[in-house]
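The structure under discussion appears below in the form of structure tokens.
The values are calculated or read from the model by the stated rules, or taken from the named source; none is laboratory data. None of the values given here were measured: they were computed from a predicted structure. Glycine also receives a Cβ, built like all others from the backbone with ideal geometry; neighbour counts cover every protein chain displayed. The accessibility values were calculated without ligands, DNA or RNA, using every heavy atom of the protein model including side chains. Shrake-Rupley method; radii C 1.70, N 1.55, O 1.52, S 1.80 Å.
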Amino acid sequence: MLKRVMSRISSYGSLLFFVLISLYPLVWLLFYSFKNNEEIFSTNVFGVPHVWRFENYVNAFDVFDLVLYFKNSFIVSIGTVAITVFLSLMFSYAAARMKWRFADTARIYMTAGMFIPMQIILIPLLVLSRDLHLQDSYLAVIVPYVAFQLSFSTIIFYAFFRSLPFEIEESASIDGASVYRTFFSIMVPLVKPAIASVCIFVFLFAWNEFLVALVMISDNMLKTLPLGLLYFQTQFGSDWGTMGAVMVISTIPTIIIYLLFSEQIEKALTVSSAVKG
């Protein structure tokens, strides 16, 4: 009995320690956003603010166009997620479940995109965007983002589709379901955990990406949040508390996205119930 209690205390103690380590950076950033420069750099670097300066958040909205940058980042991120998930789902299903010539070659070609560094293709990407008249538009960043994330998304979906039994499609075919009906009504719901995972990773990538946006967008009305933070840092770099408030606000959407999809990620993928007995 004592051994079991000690084992449980050790397990919960380890988990609690891990939780504290994981949460501390967020808590520190929150405290940081309520401090002034003196507390941040000398008198109270790691502790709770002596005075909770809510004016830092007021200044963040007054001197930093958060609404505009949030809108641009949301449009880019949601567009990237939607297009990436749609295209990679269809390609992965075709590569994993259908027999056609050069299926393996196409899959390997798609996967090879993961090994191409983003920095290598920036100049060709800029030239191509100029020739297609995409510069200073949302598509100037959405299209490259989708291209960069298709390889990763394809690998995830391909693995999930390969794990599903082929009896599912056989049963659907016997019932008269077409390929499209089978795909959208049967197969896609079975890979919801994979879709949730891909949505989170792609959204985080598009939300935080800086280099491509810096090269492709020069119009201030189209700049995303990372570019806005750079502008804020260069213009108001002496007000570190307000900058911390801006960073706290910018992390809220990513936390919300994770909370919305975390349940789907944690669910076990069970497909036996989908197969007709």
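For Phe86, the conditions (1) within 22 Å of the chain's Cα centre (by Cα); (2) open to solvent by less than 20 Å² (accessible area, probe 1.4 Å) all hold with the exception of (2). Taken together, the residues in the range 107-132 that are outside any loop (DSSP other than H, G, I, E, B) and free of Cβ contacts under 8 Å to residues at least 40 places away in the same chain amount to 13. Only one of the numbered conditions (1) assigned to a helix (DSSP H, G or I); (2) open to solvent by 70 Å² or more (accessible area, probe 1.4 Å) is not met by His50, and that is (1). Ala96 - would you say it is in contact (Cβ under 8 Å) with a residue 12 or more places away in the chain and loosely packed, with under 12 Cβ neighbours inside 10 Å? Taking the combined requirement at face value, the residue does not satisfy it. Just to be sure before I move on: is Leu204 assigned to a helix (DSSP H, G or I), open to solvent by 50 Å² or more (accessible area, probe 1.4 Å) and modelled with pLDDT under 85 in the structure I sent? Against the criterion (assigned to a helix (DSSP H, G or I), open to solvent by 50 Å² or more (accessible area, probe 1.4 Å) and modelled with pLDDT under 85), Leu204 does not qualify.
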